[in-house]
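Since the structure comes first, as C-alpha cells, the remarks are kept for the end.
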Amino acid sequence: MATEGLHENETLASLRSEADSLKGRLEEERAKLHDVELHQVAERVEALGQFVMKTRRTLKGHGNKVLCMDWCKDKRRIVSSSQVRKCVGAIRSQ
C-alpha cells in the first residue's frame with residue numbers, strides 16, 4: 001500500500017498525490033469517451049411527431065402513487081408497489 005513505512009504527514013501527502021493522479025487518469029478516460037456534446041446529437045434526431053397514448057388498463061389497489069412496476073419472472077404479470085408499502089400483482093397478460 002502507499003502508506004507503508006511513512007509518517008502521518010508523509011502518508012497524508014502521498015495519499016493526496018495518489019488521489020490527484022487517479023482523478024487525472026479518470027478525467028483522461030472520460031475525455032476519450034466524450035467525443036460529442038448531447039445537444040449536437042439531439043439536433044440530428046428526427047422528431048417523433050404527435051402520438052396518442054391510450055389507457056389500456058388501470059392499476060387498482062393502491063391508495064397513493066405507484067413507485068415501481070416490473071414484470072414477474074414468468075413474464076405474464078406485472079407487480080407494482082406504492083408509497084404505502086403495498087405490493088399488488090396487477091395485470092395478467094392475455
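Read the figures in this text as sums done on the coordinates, not as results from a lab. Note that the structure is a prediction, hence the values are computed from the model and not measured. Don't worry about glycine lacking a Cβ; one is built from the backbone with ideal geometry, like all the others, and counts go over all protein chains shown.
Determine the sum of side-chain charges near L22: Lys and Arg each +1, Asp and Glu each -1, restricted to other residues whose C-beta is under 14 angstrom from that of L22. Provide the component values of the computation, followed by the final result.
Details: positive: R16, K23, R25, R30; negative: E18, D20, E27, E28, E29.
Summing Lys/Arg as +1 and Asp/Glu as -1 gives -1.
Using 0.36 nm per residue of separation minus the Cα-Cα distance, give me the extension gain between H34 and E18 in nm, one decimal. Intermediate results must be reported in sequence, preceding the final value.
On the way: separation 16, 0.36 × 16 = 5.76 nm, distance 2.42 nm.
Gain on extension, H34 to E18, equals 3.3 nm.
If you take the square roots of the eigenvalues of the alpha-carbon gyration tensor of the stretch 28-79 and sort them as a ≥ b ≥ c, do you get rounded (a/c under 1.5), prolate (a/b over b/c) or oblate? Taking the square roots of the gyration eigenvalues as a ≥ b ≥ c, the stretch 28-79 is prolate. Charged neighbours of H34, selected by a Cβ distance under 11 Å, balance to -3 (K, R count +1; D, E count -1).
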